[in-house]
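Undergrad: The following block contains the structure, expressed as structure tokens.
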Amino acid sequence: MEARKFLTRRQASAYLTAKYFPCAAASLARMATQGGGPIFRKAGGLMVLYEQHRLDEWAVAHVSGEFQTTTEVRPKPVGKPLGRPRKVKASTESQTAEAAE
């Protein structure tokens, strides 16, 4: 039987940074609570452990295809739109009716 090697959060961060792209341990911790991160296991109730092949799967899924220009990249909107929402003015018909009275 093959023995599995588990990586701590810091080791997983170092592995992803060395092999794919920068990924801080704090980012992995945030994703573990909010979702969107690699699959992990827990040991002893508190320790979070990652399997290397799961980190590879997650990282490859988060790297896009190749581009030649930035105009080819169409970013997905994230979060709320910028700026304050516009106030909707009351209809002119109700204002005219109020003024006639």
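The values are calculated or read from the model by the stated rules, or taken from the named source; none is laboratory data. Every value quoted in this text rests on a predicted model; they were computed, and no experiment measured them. Here the Cβ positions follow ideal geometry from the backbone for every residue, glycine too, while neighbour counts run over all protein chains shown.
Undergrad: Could you list all residues from the stretch 42-62 that are exposed (fewer than 14 other Cβ atoms within 10 Å of the Cβ) and touching a Leu at 6+ places or on another chain (Cβ under 8 Å)?
TA: Hits for the stretch 42-62 are LYS42, ALA43.
Undergrad: Take THR33 and tell me if it is more than 16 Å from the chain's Cα centre (by Cα) and not hydrophobic (A, V, I, L, M, F, W, C). Don't jump to the end; show me each part of the working.
TA: Details: more than 16 Å from the chain's Cα centre (by Cα): no; not hydrophobic (A, V, I, L, M, F, W, C): yes.
The answer is no for THR33.
Undergrad: Which numbered condition trips up LYS5, out of (1) at pLDDT 90 or above; (2) surrounded by 10 or more Cβ atoms within 10 Å (Cβ to Cβ)?
TA: So LYS5 meets the others, but not (1).
Undergrad: Just the residues that are over 11 Å from ALA59 (Cα atoms), exposed (fewer than 12 other Cβ atoms within 10 Å of the Cβ) and not aliphatic (A, V, I, L, M), please, taken from the stretch 8-35.
TA: ARG10, THR33, GLN34, GLY35
Undergrad: Note down all Cβ pairs under 6 Å where the first residue falls in the stretch 60-71 and is within 30 Å of ILE39 (Cβ to Cβ), the second is of a type outside the set (Phe, Trp, Tyr), and they're at least six residues apart or on different chains.
TA: Hits for this filter: PHE67/VAL73.
Undergrad: Right, THR71: surrounded by fewer than 10 Cβ atoms within 10 Å (Cβ to Cβ), of a type in the set (Val, Ile, Thr) and modelled with pLDDT under 85 or not?
TA: yes
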